[in-house]
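First up is the structure itself, then whatever we jot down about it.
What follows is calculated from the coordinates using simple rules that are stated; it is not laboratory data. Please read all numbers here as calculations on a predicted model, not as lab measurements. Heads up, the Cβs are rebuilt from the backbone with ideal geometry, glycines too, and the neighbour counts pull from every protein chain shown.
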Amino acid sequence: MVVSGALTFGAESISLTDVAGTLWRVFHDGWTAMESGEPRAIILLHVRLPRVLLAFMVGACLAAVGVALQ
């Protein structure tokens, strides 16, 4: 739920259906979907998705460190 919120909210509002459609095109057609030059797809795939994935990885690393310290 937080991931979907992080992908949809921002200066340019992108609906959840646009997010799902863009991700479906990328997983189905590969990165050639980026050649269309859609601004929402560029924002989603180059700004928001990497930020969400980085936050997920940082959280996982912090959890691993917490387990190691205990």
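In plain terms, the bigger the Kirkwood radius, the slower the diffusion; for the chain, with that radius from Cα pairs, at 25 °C and 0.890 mPa s, Stokes-Einstein puts D at 184 µm²/s.
Against the main long axis of the alpha-carbon atoms of the chain, helix 16-29 sits at an angle near 90°. Charge dipole (Cα centre; +1 on Lys/Arg Cβ, -1 on Asp/Glu Cβ; no other charges) of the chain amounts to roughly 200 debye.
Normalised radius of gyration (Cα atoms, divided by 2.2 N^0.38 Å) for segment 7-47: 1.06.
Of the residues Val2, Leu69, Ser13, the one whose Cα sits farthest toward the positive end of the charge dipole of the chain, with +1 on the Cβ of Lys and Arg and -1 on the Cβ of Asp and Glu, is Leu69.
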